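As structure tokens, the structure follows; a few thoughts come after it.
No lab work stands behind these numbers, since they all come straight from the coordinates. Just so it is clear, the model here is predicted, and its values are computed rather than measured. FYI the Cβ positions are ideal-geometry reconstructions off the backbone, even for glycines, and counts take in every protein chain you see.
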Amino acid sequence: MELEDAIRTRRTHKAYGAEPVPRETLAELFELARWAPNHNLTNPWRFRVLGPESLAELKQAAGPDAAGKLDRAPTLVVASQVRSADGLQDEEDLCAVAAAISYVLLAAHSRGLAGYWRTPAVLRSPEGRAAVGVPSNERVLGLIHLGPPRQEKEPPARLPPGDYVTFLP
């Protein structure tokens, strides 16, 4: 798949087939994520692939109302950022991790997988962070759902560039 096609055709999916993403494929996705731009080469991203035990703990921390959403995809990945004491570096690292997550989603899509980046409340709670092993020196950016797609998604309407781009003299 060409890069521009991947960018234009990637969609957020909330319905997946049951097959988990193979470990080898996940390794390929994370290898590509490490090429995201990051100032001072801090490599601030951390990815935690949830297994059955950590998922059960996260569901327990989420509570019965939110736990069902954690069953949408067969593979779940917590993405976080190692925090920096330097405020500017911390802000740049936050953006770098967001770029790395985008790389994971685009690379997954190019392999025929569906993806969804969300920020569930449970990952902002001490119980949720403990369930997935996120230490206090990391900021959780979200939960990446991955798996085979169960549906085709139509592209949503997008603003044309003229509505958000300004060329300055």
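GNM remark for the chain: springs join alpha carbons under 10 Å apart, and the peak mean-square fluctuation among Ala98, Ala114, Ala27 falls on Ala27. A simple spin-label model places pseudo-atoms 7 Å from Cα toward Cβ; at Glu19 and Asp5 they are separated by 2.0 nm. When shorter helices are ignored and each DSSP H run of at least 4 residues is given -39500 (n - 2.57), the per-residue value for the chain at 222 nm works out to -11000 deg cm²/dmol.
For the chain, a Gaussian network of Cα nodes joined below 10 Å ranks Trp35, Trp45, Trp117 by mean-square fluctuation, and the top entry is Trp35.
Where [x] 10.7; [y] 12.0; [z] 9.1 are the candidate values, the label of the one calculated here for mean projected area of the Cα convex hull in nm² is [y].
This model, with +1 at the C-beta of Lys and Arg and -1 at the C-beta of Asp and Glu, gives region 48-100 a dipole about its Cα centre of some 320 debye. Bridgeable lysines around Lys153 (alpha carbons under 20 Å apart, same-chain partners fewer than 8 residues away excluded): Lys14, Lys69.
Here is the list for region 92-169: trypsin sites (Lys or Arg not before Pro) lying in DSSP coil, each with at most 16 other C-beta atoms within 10 angstrom of its C-beta, are Arg111, Arg150, Lys153, Arg158.
Work out which helices of the chain, taken as complete DSSP H runs, extend at least 18 Å along their axis over the Cα atoms and score a mean Kyte-Doolittle of -1.0 or more, then list them. Passing helices, by number: 87-110.
In the chain, the sites counted are GluC sites (Glu not before Pro) in DSSP loop states with at most 14 other Cβ atoms within 10 Å, and the longest stretch holding none of them, exclusive of the sites, is 3-151.
In this structure the amide hydrogen of Gly142, modeled in the peptide plane, comes within under 5 Å of the amide hydrogens of Ala79, none closer than 5 places in sequence on its chain. Of all DSSP beta bridges in the chain, what percent run antiparallel (nearest 5)? Antiparallel: roughly 95 percent of the beta bridges in the chain.
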